[in-house]
Amino acid sequence: MMACEYGHLEIVILLLDRGTDFNKCDEDGQSPAMKACANGHTEIVNVLVQKGVDFNKCDDYGRSPVMQACTHGHTEIVNIFVQRGVDFNECKKTVSRL
């Protein structure tokens, strides 16, 4: 989670290779993908997309990773989602916590 939030790409890759579940959420329902999107970590978002992480999960406040990228002005990340055909209207409520 923190590696995604603070942009530590090598640690994210190491954890993914070790089988860490990047779909789990923190106490506010925020996923590692949401943290990466909110903080503009484009390379991490690319890696998570390639690994099949769920980008349609929403936090306890109804915000999705896509919404976070839009809110914080991270155009490159929004463009990744546009190219991948992510449904901007889908917002799955999270249930799996860390």
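The values are calculated or read from the model by the stated rules, or taken from the named source; none is laboratory data. Just so you know, these numbers come straight off a predicted model, no measurement behind them. Cβ coordinates were reconstructed from backbone atoms using ideal geometry, including for glycine residues, and neighbour counts include every protein chain displayed.
Brief remarks on what is shown
- Sole residue being touching a Phe, Trp or Tyr at 6+ places or on another chain (Cβ under 7 Å) and aliphatic (A, V, I, L, M), chosen from ALA33, ALA3, ALA38: ALA33
- Filtering the stretch 27-74 to residues that are under 19 Å from ASP87 (Cβ atoms) and of a type in the set (Val, Ile, Thr) leaves VAL45, VAL49, VAL53, VAL66, THR71.
- If the condition is being modelled with pLDDT of 95 or more and either surrounded by fewer than 17 Cβ atoms within 10 Å (Cβ to Cβ) or not aliphatic (A, V, I, L, M) (or both), then the stretch 33-53 contributes LYS35, CYS37, ASN39, GLY40, HIS41, THR42, GLU43, ASN46.
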